[in-house]
Amino acid sequence: MKRDLLQLHFETPISDAISRIRFSPHSNNLLISSWDSRLRLYDVDTSVLRLEAPSEASLLDCCFQDDDSVAFTAASDGLIRRYDLHSGIIDTVGSHDDIATCIGYSNETWHSGILPDKRIVPLHGFCCFHVLKRA
């Protein structure tokens, strides 16, 4: 069986290594974090850049919240940030003494939360869980 490959053509290429690519669970949007300290949201169907949000440090991971309206990042400065993808507002929701390398979001627990997994987990035997307050 032959498969067609989809190629995205970016108007402005990403200038450094891509750390994570995540498809939205509810649309054909693509979230990309990279070492150039930018979070990008693309529409895959049109290759249109919907959002480009700066960070002060290299972004090592990213994830969507429930839908396409919110994303989270883990960065080399240890900060966990929340991005409102519609308004462009960026909030810091957590911080660590060391880098945060991985992040995931779960809505299935009794309290919604994000779980950044730091490289120090094997060394110290713990990871951090941030509970997000509901409005």
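The values are calculated or read from the model by the stated rules, or taken from the named source; none is laboratory data. The model shown is predicted, which means the values in this text are computed figures rather than measured ones. All Cβ positions, even for glycine, are placed from backbone atoms using ideal geometry, and neighbour counts span all protein chains on display.
Here are the criteria: (1) at pLDDT 70 or above; (2) surrounded by 15 or more Cβ atoms within 10 Å (Cβ to Cβ). Tell me which single one Leu115 does not satisfy.
(1)
If a residue has to be assigned to a strand (DSSP E or B), within 18 Å of Thr101 (Cβ to Cβ) and in contact with a Ser or Thr (Cβ under 8 Å, 6 or more places away or on another chain) to count, how many in the range 22-62 make the cut?
Keep residues of the range 22-62 that are assigned to a strand (DSSP E or B), which gives 22-23, 29-34, 38-43, 48-54, 59-62.
Filter once more, so that each one left must be within 18 Å of Thr101 (Cβ to Cβ): 22, 31-34, 38-39, 59-62.
Restricting the remaining residues to those that are in contact with a Ser or Thr (Cβ under 8 Å, 6 or more places away or on another chain) gives 31, 33-34, 38-39, 59-62.
Number of matching residues: 9.
Which of the residues belonging to the range 71-92 are aliphatic (A, V, I, L, M) and crowded, with 18+ Cβ neighbours inside 10 Å? Walk me through how you get there before you give the answer.
The first filter runs over the range 71-92 and keeps only residues aliphatic (A, V, I, L, M), leaving 71, 74-75, 79-80, 85, 89-90.
Across the range 71-92, the qualifying residues are Ala71, Ala74, Ala75, Leu79, Ile80, Leu85.
Output the residue which, of all residues in the range 12-40 that are within 10 Å of the chain's Cα centre (by Cα) and aliphatic (A, V, I, L, M), is surrounded by the fewest Cβ atoms within 10 Å (Cβ to Cβ).
Step by step, filter the range 12-40, then rank; the result is Ile21.
Do you know which residues across the range 43-56 are farther than 14 Å from Asp84 by Cβ, surrounded by 14 or more Cβ atoms within 10 Å (Cβ to Cβ) and more than 13 Å from the chain's Cα centre (by Cα)?
Asp43, Val44, Ser47, Leu49
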